[in-house]
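Below is one structure; the comments refer to it alone.
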Amino acid sequence: MKRLPCLAIVLLLAACSAPGPAPQSTSEAAESTPPPPGTPRLVVQVVVDQMRGDYVERFRPLLTGGLKQLVDESVWFTDAHHEHSETVTAAGHATVASGRFPANHGVIGNGWVSRETKKDVYCVEDPEHGRSPVTMLGDAFGDRLKDRYTEAKVFSFGGKDRSSILCGGHRSDGSYWYDRSVGQMTTSTYYASGRDGLPEWLDALHASKPLDRYFGTLWEPLRTLEEVAPFGIEPLDQGFRRRGFPYSLGGLGYEPDPSFYGSIYSTPFIDTFVVDVAKAAIENEELGADEVPDFLSIALSALDAVGHGYGPDSPEMLDTLLRVDRLLGELFDFLDQTVGLEHVVLTLTSDHGVGTVPELAASRGLGGGRFGPEQVQCMQRAGKKLSEKYSMDELIFETAYVDHAAAEEMGLEPGEVARDVAAEVSQCRGIASAIVAADLRERGAKTELERLLLNSWHDERSPDVLLVLESNWLATSTTASHGTPYRYDTHVPWMVWSKTATAAQPGERVATADVMPTLAALTDVDPGEVDGVDRSSFLAQ
């Protein structure tokens, strides 16, 4: 799961685990100037993992909660895209958080390979603290907010560590994520709360064992199959081992155990838990309580887990989406009661989309396939041919990477080795093209695909050969996945809600990198060096 989705763009991400710069310190000079009148007291950012851009319009008649409120009242950018090719969780969240493309913020995927050690590097791993944002280069929105307002508070919560950590930025007051083994939120020693334990309010919430209310219950759908079938929803029948609603949680034990808490992660109930924790943070950390703007990031992960398991046309996916709709409605109500919606800006987007189940796509005449024995054989034969010419152990590693130092010692040109790799692996069915990164960088992007590839390519961390799969092809064993430069993976929703803004649906194409500079403009913050564009003018009264 960590490597194979990356093959959708790049067979494996590359190299160089050099950490990012140390977090910048807030100036010790004079206190920050007060915010201008009308500045929101609380910015809430919701990132719904694997929420395709067409979901909102496709299922609009079924929406009754917070998503409906966003559709009716927000500035909804209907053609928002991730402008990079490696459409995976870490790259997407880091782009939304920083306003920069992966080529600049450095989080090129969920993981990459160190050229120095030739070992995997997880996107938020930290040798000193376990987990932190040290690999993300430059600032996130929360960091710039703290530069502008010394008393601003920044918190982030998510089902995944990478989602919470990257959105929180380098100087988050607290970033927390779900621990599947115990059914609680956790953090690391990188954060203040990780040094002496979790904050008291979070310990108290854990003590109430909120997830235990689901023990002995089933996950059952909000809508019947007859109600959702007109929207293109199709259950995946597994023949003799048919699966479908209802779903049990955990195993046969008499009380909640790790299998029960682990199963929660693949249901909509994980999102409910994350939002409940975020609500507790709003109250106990007094977010939005004064004129200094605070920032709260909420990363919902259930749609991604369910989408991988059942696909974007499944009853399970739609039920999860409808529960997100309901959950956001409850969040709006809570914000109104605690902070006052007149003091809130809420933005919603996603880290990536998802492709149709390949077999389903093929049945619809859209092409598509899945890597299997044929592709394994092809790659192995490519390896045999390359080994006849090169010392594979020393020169080529993790399929798509060339050891430049070793090549030069052998009197070889690294680019020529990469071209040989590309020529061999491009023969395998399911691979649309193989592009040598150095050649692409030299000639520049000539096509939309090449532009997205360059936006994902970091000169120290990315591979020498970029492999692009055919549309609707997967190199993973999951039911459905993402990670490609195709529209179904790049297109995501982006909505910005403010009580004073007039609802609108700008039709122009915008980028997820625009989120950060837009939030910066709304809070009178200097975004710093970004790739995105400020779209706050669309929220003008």
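The values are calculated or read from the model by the stated rules, or taken from the named source; none is laboratory data. In this text the structure is predicted, and so the values were computed from the model without any measurement. Quick reminder, even Gly has a Cβ in these numbers, built from the backbone with ideal geometry, and neighbours come from all protein chains shown. The protein model used for the area step is the full one, side chains on, heavy atoms only, and it has no ligands, DNA or RNA in it. Shrake-Rupley method; radii C 1.70, N 1.55, O 1.52, S 1.80 Å.
A few points about this structure:
- Descending semi-axes in Å of the range 191-265, equivalent ellipsoid built from Cα gyration tensor: 35, 17, 12
- The charge dipole of the range 260-342, taken about its Cα centre with unit charges on the Cβ atoms of Lys, Arg (+1), Asp and Glu (-1) only, comes to about 440 debye.
- Considering only Trp76, Ala405, Leu218, and ranking their Cα positions along the charge dipole of the chain that arises from unit charges at the beta-carbon of Lys, Arg, Asp and Glu, the one farthest toward the positive end is Leu218.
- When each of the peptides 398-404, 278-284 is scored by how many other beta carbons lie within 10 Å of its residues on average, the order from highest to lowest is 398-404, 278-284.
- With every protein chain in place, the range 423-541: carbon and sulfur % of accessible area (1.4 Å): 45
- Average accessible surface area per residue within the range 360-440, 1.4 Å rolling probe, Å²: 52
- Backbone amide hydrogens, once placed in the peptide plane, bring Tyr176 within less than 5 Å of Ser156, Phe157, Gly158, excluding anything fewer than 5 places away on its chain.
- A simple count of charges around Phe538, restricted to other residues whose Cβ falls under 12 Å of its Cβ and scoring Lys, Arg +1 and Asp, Glu -1, yields -2.
- For a straight C-alpha distance cut-off of 16 angstrom, the aspartates and glutamates reachable from Lys389 (same-chain residues fewer than eight places away being disregarded) are Asp403, Glu408, Glu409, Glu413, Glu416, Asp420, Glu424.
- 3J(HN,Hα) from dihedral phi, the range 432-443, Karplus parametrisation 6.51/-1.76/1.60, rounded to Hz, x for glycine, proline: 6, 6, 10, 10, 7, 4, 4, 5, 5, 4, 5, 8
- For Thr189, the residues 5 or more places off, or on other chains, whose built amide H falls under 5 Å of its own are Arg131.
- Against the chain, whose longest principal axis is taken from its Cα atoms, helix 414-425 shows a tilt of about 90°.
- Accessible area per residue for the range 140-220, computed on protein heavy atoms with a 1.4 Å probe, is 37 Å².
- With a cut-off of 11 Å between beta carbons, the residues surrounding Gly232 carry a summed charge of -1, where Lys and Arg count +1 and Asp and Glu -1.
- In order along the range 208-219, the phi-based Karplus estimate (6.51 cos²θ - 1.76 cosθ + 1.60, θ = phi - 60°) of 3J(HN,Hα) comes to 7, 6, x, 6, 5, 5, 8, 5, x, 10, 10, 8 Hz; Gly and Pro are listed as x.
- Between helix 315-338 and the chain: long-axis angle, C-alpha atoms, 0 to 90°, nearest 10: 40
- Relative contact order (percent, whole number), the chain, Cα cutoff 8 Å, 6+ residue spacing: 30
- Shape call, the range 66-216: gyration tensor on alpha carbons, a/c limit 1.5: rounded
- Each residue of the range 47-55 is assigned a 3J(HN,Hα), and the resulting list reads 10, 9, 4, 6, 9, 4, x, 8, 4 Hz, derived from the Karplus form 6.51 cos²θ - 1.76 cosθ + 1.60 (θ = phi - 60°), x at Gly and Pro.
- Packing order of peptides 519-525, 420-426, highest average first: 519-525, 420-426 (average count of other Cβ atoms within 10 Å over each peptide's residues).
- About the Cα centre, charge dipole magnitude for the chain (Lys/Arg +1, Asp/Glu -1 at Cβ), debye: 1420
- Prolate/oblate/rounded call for the range 312-386, Cα gyration tensor, a/c under 1.5 rounded: prolate
- Packing order of peptides 494-505, 299-310, highest average first: 299-310, 494-505 (average count of other Cβ atoms within 10 Å over each peptide's residues).
- When each of Lys119/Lys160; Lys279/Lys499; Lys119/Lys279; Lys160/Lys446; Lys118/Lys209 is checked by Cα-Cα distance, pairs over 31 Å: Lys119/Lys279; Lys160/Lys446; Lys118/Lys209
- Positive-end ranking of Leu466, His491, Val436 along the dipole of the range 416-515, with charges on Cβ about the Cα centre, is headed by His491.
- A simple count of charges around Gly483, restricted to other residues whose Cβ falls under 10 Å of its Cβ and scoring Lys, Arg +1 and Asp, Glu -1, yields -2.
- Considering only Ser391, Val425, Pro373, and ranking their Cα positions along the charge dipole of the range 372-427 that arises from unit charges at the beta-carbon of Lys, Arg, Asp and Glu, the one farthest toward the positive end is Pro373.
- Gyration tensor verdict on the range 107-188 (Cα atoms; rounded if a/c is under 1.5, prolate if a/b is larger than b/c, oblate otherwise): oblate
- Using C-alpha pairs under 8 Å with a sequence gap of at least 6, the mean separation divided by the residue count of the range 322-462 gives a relative contact order of 14 percent.
- In plain terms, the chain from Ala289 to Glu529 could stretch by 83.4 nm, reckoned as 0.36 nm per residue minus the Cα-Cα distance.
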